[in-house]
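Derivation of every value follows stated rules applied to the coordinates shown; laboratory data play no part. Model, not experiment: these values are computed from the prediction. Here the Cβ positions follow ideal geometry from the backbone for every residue, glycine too, while neighbour counts run over all protein chains shown.
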Amino acid sequence: QLNAAVERIEKHPAVGNVSNSYWDATRPIGGPAGQKEFLTGAVRLTTTLSPGELLNLLKQIERDLGRTLGEHWGPRIIDLDLLLYGREIVDQALAAQDGHEPSRLKVPHPRMAFRYFVLAPAAEIAKEMIHPVTGWAIGALLDHVCCHAPLLVIGGSDRQRGSQLAGELARAIDGRLIRPADVADIGPPEPMRPEQFERYALEFTAALNSLLPPADSWPLNEWIVCEFDPAETLSR
């Protein structure tokens, strides 16, 4: 599927100088449980297409290869994302295509700067390219992901609850707490009741154990806990 996608990209008259990284098997991040490994990689090219036109080309290739709408972050036959477009920063609405809902194009890809499985193949073919939001080269972003302290992000729609949980977890594991710039808007986090924290801690520990090596292989007090998108930390 990946090789077929590259072949279709190469055949487009507005695309040239196509190169691709190795294909690497990586475990799924997020999404439903029980998924098999994904094959991931990166492609670099030159084009006269606009960012929106290039993304439409990628989505058409997905459909040509048999992709249909499925569960969010679930198994899929092919998934082509537009990560960078030179040094441009793009945020634009896209019209609906072939019955799909209208979507939004954001370049750089909002989560690429802290995803190892994206950065590793991208650095193989484009380590000098600059991520225009952080100002860092792809190779430097990969080094950062590989060597920085373990980062735990507390997300969700309930900011007050998330702030409380982040504070409690940072205290419990003697980690460093990073709070968002607008934290004054919601006030300081109040400690949770013990039974609240115990329930959340049990759920958190079960989830963490499914993703990480045994606890005795990583020092707890080197963790950073934050309650906002970690991509924001890279430009500070």
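See the values below:
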| item | result |
| --- | --- |
| Where labels lie 7 Å past Cα in the beta-carbon direction, separation of Thr48 and Asp143 in nm | 3.8 |
| Computed label-point distance, nm, for sites Val133 and Arg104 using a 7 Å Cα→Cβ extension | 1.2 |
| FRET efficiency estimate (nearest 0.05) - Cβ-Cβ, Arg171 to Ile125, R0 45 angstrom | 0.55 |
| Mean Cβ neighbour count within 10 Å, used as a protection proxy, ranking 111-120, 82-91, 129-138 highest first | 111-120, 129-138, 82-91 |
| Full-stretch length increase - Ala93, Thr68 - with 0.36 nm per residue and alpha-carbon distance subtracted | 6.9 nm |
| Reachable lysines from Lys106, criterion Cα separation under 27 angstrom, eight or more residues apart if same chain | Lys11, Lys59, Lys127 |
